[in-house]
Amino acid sequence: MPKSGSLFPTDDNYTNFLRSLKERIRQAQIRAALAVNNELIILYWQMGREILSRQQQEGWGSKVIERLAQDLKREFPDMSGFSPRNLKYMRAFAEAYPDEQFVQRYAAQIPWRHNQVLLDKLKTPEQRLWYAQKSFENGWSRDILVMQIESDLYTRQGGAITNFERTLPGLDSDLAHQIIKDPYNFSFLSIAEEAKERELEKALVVRIREFLLELGIGFAFVGSQYRLEVEGDEYFIDLLFYHLKLHCYIVIDLKVTEFKPEYSGKMNFYISAVNHLLRTEVENPTLGIILCRSKKKTVVEFALDTVHNPIGVSTYKLRDGLPSTLQECLPTVEQLEMELEAAISELENAEE
């Protein structure tokens with residue numbers, strides 16, 4: 001016979017039951033939202049295709065857009081999305097993607113406003129496809145998508161010099177190469193060009209959210225100045241991360257100078273130490289990324305030629321400084337202090 005229980009159970013079985021129902025509901029909500037988005041994007045593409053076709057075959061001018069917007073708004077007063085501006089986007093959308101299968105497979109996987117961004121900011125189908133895929137995979141918001149396009153992530157992705165092809169298995173090599181950019185964009189930092197390595201590291205840790213966004217999906221922060229002890233001696237890693245897709249530790253060494261061959265030897269030591277002291281049997285070999293202000297391709301290739309641990313070398317860019325002509329127009333610190341003192345004095349006199 002079934003075990004009798006309370007009308008309002010509070011045990012672990014009920015808690016687990018409630019948790020599973022919540023998860024099913026959330027998944028259903030996500031699937032429903034994706035289905036609605038998919039239908040909406042396909043509708044917009046079909047409308048855009050019809051507008052484009054009529055204009056091309058019937059010779060209709062641009063004024064038909066205005067009339068169509070008014071008539072659709074009159075027929076569907078509770079629906080948004082039929083403004084003249086949006087109808088023009090639909091036409092451009094259909095013109096940019098003539099293949100409906102392509103639209104269903106890629107463009108329909110991201111929101112309409114994301115597709116508008118791709119139309120506005122990108123010209124080639126290859127780049128639009130790449131950003132659409134990355135946006136879907138990483139769950140980028142519209143603002144993040146704009147930022148990634150403006151920082152030219154497409155050309156920076158996988159641009160580092162590495163020895164991954166020789167030191168990692170095929171699939172791991174491809175994925176590891178994709179996660180490294182060149183250059184990294186640190187424009188979110190407010191530090192001087194002549195900042196020292198420790199200052200750069202501290203600034204990145206303070207802005208760790210932006211730093212993780214720039215590194216890309218999959219990076220989890222472990223620590224800065226991470227301590228390792230080898231035969232009684234202490235060594236400190238600038239930044240240590242763990243990558244959730246590669247299932248490995250990633251050591252980052254920051255340099256404020258051009259790449260030097262000895263940097264690869266230091267990184268090789270760090271990677272070996274992490275492999276022996278932190279890595280478990282289920283984890284893949286540790287990767288190293290050396291971030292420098294600049295690098296010479298041949299010097300890096302020679303330095304990595306006989307290194308057996310996987311290392312990549314990339315550069316980074318800080319926020320661009322003000323043009324000299326603009327700097328000359330700005331007040332000095334002393335002038336600002338004088339103006340501030342004068343303003344405070346005037347305020348005090350007015351209160352009296």
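The values are calculated or read from the model by the stated rules, or taken from the named source; none is laboratory data. Quantities reported herein were computed from a predicted structural model and do not represent experimental measurements. Counting neighbours? That spans all protein chains shown, and the Cβs are built from the backbone with ideal geometry, glycine included. Heavy atoms of the whole protein, side chains included, go into the accessibility calculation; ligands, DNA and RNA do not. Shrake-Rupley method; radii C 1.70, N 1.55, O 1.52, S 1.80 Å.
Over segment 141-225, accessible surface divided per residue gives 50 Å², non-protein components excluded, 1.4 Å probe. Heavy-atom surface analysis with a 1.4 Å probe gives segment 46-121 a carbon and sulfur content of 46 percent of its accessible area. Computed over protein heavy atoms with a 1.4 angstrom probe, the accessible surface ordering of Y270, Y249, largest first, is Y249, Y270. Ignoring ligands, DNA and RNA, what percent of the accessible area of segment 158-298 is carbon or sulfur (1.4 Å)? The nonpolar share, carbon plus sulfur, comes to 52 percent. Expressed per residue, the C-alpha convex hull volume of segment 45-121 stands at 95 Å³. Summarised as an ellipsoid, segment 99-157 has semi-axes of 17, 12, 11 Å, derived from the eigenvalues of the Cα gyration tensor scaled by 5 and square-rooted, with the largest first.
Under the criterion of Cα pairs below 8 Å and six or more residues apart, the relative contact order for segment 213-326 equals 22 percent.
At an R0 of 35 angstrom, the distance between the Cβ atoms of F236 and T155 translates into a FRET efficiency of 0.55. Segment 217-265 and segment 124-152 have their alpha-carbon centroids 29 Å apart. Pairs to check: K73/K134; K121/K245; K181/K255; K181/K297; K63/K134. Give those whose C-alpha atoms are more than 27 Å from each other in this structure. Over 27 Å apart, Cα to Cα: K73/K134; K121/K245; K63/K134.
Using only alpha carbon pairs under 8 Å that are at least six residues apart, calculate the relative contact order of segment 137-234 and give it in whole percent.
Worked out over segment 137-234, it gives 21 percent.
With a 1.4 Å probe rolled over the protein heavy atoms of all chains, the accessible area of K297, K22, K63 falls in the order K63, K297, K22, largest first. Going by accessible surface with a 1.4 Å probe and the largest first, V222, V206, V251 read V206, V222, V251. Extension gain, Q127 to E262, is 44.9 nm, computed as 0.36 nm per intervening residue step minus the present C-alpha separation.
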